[in-house]
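Single-structure report; data block below.
The values are calculated or read from the model by the stated rules, or taken from the named source; none is laboratory data. These figures come from a predicted structure and were not determined experimentally. Methodologically, a virtual Cβ is constructed for each residue, glycine included, from the backbone with ideal geometry; neighbour enumeration extends over all protein chains shown.
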Ligand SMILES: *Cc1c(COP(=O)(O)O)cnc(C)c1O
């Protein structure tokens with residue numbers, strides 16, 4: 001059996017261990033310390049958007065805290081992009097709130113502005129104005145930022161920008177993660193950079209950041225004993241993980257370039273194949289980190305389905321994965337309200353994510369290429 005080619009695997013830069021050693025040398029083995037502070041600063045500098053960043057234990061934790069800070073509570077409705085990873089939606093349920101799912105549009109595969117406005121109007125008509133909108137830059141592709149923000153502003157609903165997959169992506173030259181009332185980043189093991197597990201909340205005021213840090217460190221009131229007036233969480237990032245993050249930030253631009261070159265590789269590979277579409281930027285306003293390369297295969301034109309392709313790759317130990325299954329089709333959200341048509345469902349049925357790691361070798365690309373060509377020429 002050939003060695004496994006992963007969809008997306010960790011790719012260390014070189015200085016991660018240096019920062020971890022510093023933490024050990026200074027005994028900062030705790031969910032605070034110099035690595036946490038420096039990691040936060042480097043993200044703020046990278047986003048270049050006058051933001052304050054709180055490093056947390058996970059992107060999911062960041063989503064949860066952003067909902068709390070937006071005042072989402074029991075019985076509230078929160079709009080959420082349906083085609084996303086479940087972590088975009090689960091924290092809505094943590095709060096006892098109710099997700100309302102929205103279809104994708106066909107260009108970026110993200111939140112459809114038409115279905116979004118229809119949903120807002122309908123929920124308002126039913127006496128339930130949504131408390132927040134969770135919009136996602138899936139696979140690193142920016143959503144239609146201008147359209148979505150204009151609608152959110154028109155109805156005065158805060159946007160929680162799930163940029164877990166989109167660190168390094170830009171819209172009109174501005175960093176993804178910096179547009180919403182809050183932005184969310186993830187440093188899970190499969191993301192473009194990793195801290196082994198971790199996330200961050202992007203805030204637009206010192207006050208919002210301080211509140212996130214307060215809530216993420218068990219909500220301790222200012223007193224010599226343990227005193228609490230709020231429910232707290234244990235969501236802060238460890239100083240060890242932040243050391244990995246500092247090393248990873250030093251190579252982030254290289255990682256973005258490498259991921260983008262993987263999508264270019266697939267564009268070239270599928271160039272003259274009718275029925276295959278590679279997800280690329282719709283126009284020059286969009287800059288995707290192309291965290292994962294994604295395609296759709298129309299079996300009527302290709303003669304094979306995305307599942308045929310997935311299985312053909314799996315036979316040679318190459319990992320690929322269907323596009324994220326929309327939340328309104330998930331058993332756990334079977335009762336949720338949904339607005340839109342069947343765009344996200346069709347994307348899920350025909351779509352596949354292909355190996356996109358920044359550490360793939362020429363030989364590994366060649367193996368991917370040979371296997372795909374074999375199926376095409378069958
Ligand atoms: C990874 C991911 C998350 C969750 O991040 P974690 O750090 O794994 O908790 C949230 N949303 C999306 C779209 C993701 O891909």
Would the range 277-289 turn up any residue that is modelled with pLDDT of 95 or more, over 23 Å from residue 170 (Cα atoms) and in the same structural domain as residue 267 (by TED's automatic domain parsing)? no
Could you please find all residues in the range 28-49 being over 21 Å from residue 165 (Cβ atoms), modelled with pLDDT under 95 and surrounded by fewer than 18 Cβ atoms within 10 Å (Cβ to Cβ)? 29, 30, 32
Could you please give the count of residues in the range 144-161 that are touching a residue at least 60 places away in the same chain (Cβ under 8 Å) and either under 18 Å from residue 201 (Cβ atoms) or within 16 Å of the ligand (Cβ to nearest atom) (or both)? 2
Does residue 164 meet the test of being in contact (Cβ under 8 Å) with a residue 24 or more places away in the chain and within 16 Å of the ligand (Cβ to nearest atom)? yes
Limited to the range 82-109, what total is found for residues that are in contact with a strand residue (DSSP E or B) (Cβ under 6 Å, 6 or more places away or on another chain) and without any contact (Cβ under 8 Å) to a residue 60 or more places away in the chain? 2
Being in the same structural domain as residue 209 (by TED's automatic domain parsing) and farther than 15 Å from residue 245 by Cα is the requirement here; does residue 53 meet it? no
For the range 183-200, does any single residue satisfy the condition of being in the same structural domain as residue 240 (by TED's automatic domain parsing) and more than 28 Å from residue 359 (Cβ to Cβ)? no
Among the residues of the range 246-280, count how many are touching a strand residue (DSSP E or B) at 6+ places or on another chain (Cβ under 7 Å) and at negative phi. 9
Only listed residue being surrounded by fewer than 20 Cβ atoms within 10 Å (Cβ to Cβ), more than 16 Å from the ligand (Cβ to nearest atom), within 19 Å of the chain's Cα centre (by Cα) and not assigned by TED's automatic domain parsing to the domain that holds residue 135, chosen from 257, 268: 257
(1) within 13 Å of the ligand (Cβ to nearest atom); (2) touching a residue at least 60 places away in the same chain (Cβ under 8 Å); (3) assigned to a strand (DSSP E or B): which one isn't true of residue 139, the others all being true? (3)
Given the criterion under 18 Å from residue 329 (Cα atoms) and surrounded by fewer than 24 Cβ atoms within 10 Å (Cβ to Cβ), identify the matching residue among 97, 93. 93
For the range 173-187, what are the residues that are in a strand (DSSP E or B), touching a helix residue (DSSP H, G or I) at 6+ places or on another chain (Cβ under 7 Å) and either near the ligand (Cβ under 8 Å from one of its atoms) or under 15 Å from residue 54 (Cα atoms) (or both)? 182, 184, 185, 186
Matching helices (runs of 4 or more DSSP H) fully within the range 33-136 where at least 3 residues are within 14 Å of the ligand (Cβ to nearest atom): 59-69, 90-94
Odd one out for residue 167 among (1) under 21 Å from residue 280 (Cβ atoms); (2) surrounded by fewer than 24 Cβ atoms within 10 Å (Cβ to Cβ); (3) touching a helix residue (DSSP H, G or I) at 6+ places or on another chain (Cβ under 9 Å): (2)
Only one of (1) part of a helix (DSSP H, G or I); (2) more than 16 Å from the ligand (Cβ to nearest atom); (3) touching a helix residue (DSSP H, G or I) at 6+ places or on another chain (Cβ under 9 Å) does not apply to residue 230, and that is (1)
Subset of the range 191-227 (residues that are part of a helix (DSSP H, G or I) and either more than 28 Å from residue 166 (Cα to Cα) or free of Cβ contacts under 8 Å to residues at least 60 places away in the same chain (or both)): 207, 210, 214
Any idea how many residues of the range 196-222 are within 9 Å of the ligand (Cβ to nearest atom) and either surrounded by fewer than 16 Cβ atoms within 10 Å (Cβ to Cβ) or within 23 Å of residue 320 (Cα to Cα) (or both)? 1
